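Here's the structure we're looking at; comments come further down.
The values are calculated or read from the model by the stated rules, or taken from the named source; none is laboratory data. Worth saying up front: this structure is predicted, and the values here are computed from it rather than measured. Every residue, glycine among them, receives a Cβ derived from its backbone with ideal geometry; neighbour counts consider all protein chains shown. Side chains are part of the model used for accessible areas, which takes the heavy atoms of the whole protein and leaves out ligands, DNA and RNA. Shrake-Rupley method; radii C 1.70, N 1.55, O 1.52, S 1.80 Å.
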Amino acid sequence: MNDNLKILVVDDEDSLRISLASILELEGYCVKTAEDGYKAIELAKQEDFDIVFSDIRMPGISGTETFKEIKKIKPDTIGVMMTAYALNDLIVDALSSGAFACLSKPFEIDTILATIKDIR
């Protein structure tokens, strides 16, 4: 295991969620996924995650709101937001809510791995 970090990947886009989770698992991280914020919040109630990678723009509940709810449940969880859109208000809201960073999609996997290294 890679420092035994537990990572939750939240994205409504199946291909991104699955590929990111697979790559992180190959890097030795323990990874769970959720296709929406509601499922992510439920997972956070059941398990401790060190890092949550979440898309900002998702149907139902935004990634920012999801992260805020997870922080209420598990205050030590670190959030990294991801977005393909220039959603300045949501990005500012996410960062002011304690998110560690906001990454623009598409991103290189090296960017994700460097972000994890910066968190540690």
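Each Lys or Arg adds one and each Asp or Glu takes one away; over the other residues whose Cβ falls under 10 Å from the Cβ of SER97, this sums to 0. Counting only protein heavy atoms and a probe of 1.4 Å, the accessible surface of segment 1-117 is 51% carbon and sulfur. Once Rh for the chain is found with the Kirkwood sum over Cα pairs, what is the Stokes-Einstein diffusion coefficient at 10 °C and 1.306 mPa s, in µm²/s? After rounding, the answer is 115 µm²/s.
Helix content alone sets the calculated 222 nm mean residue ellipticity of the chain: runs of n ≥ 4 DSSP H residues at -39500 (n - 2.57) each, divided across all residues, give -13500 deg cm²/dmol.
Accessible area per residue for segment 42-120, computed on protein heavy atoms with a 1.4 Å probe, is 52 Å². The smallest convex shape that holds all Cα atoms of segment 26-72, its convex hull, gives 77 Å³ per residue.
Here's how it looks for CYS30: its modeled amide H is under 5 Å from those of ASN2, LEU5, ILE7, which are all 5 or more places away or on a different chain.
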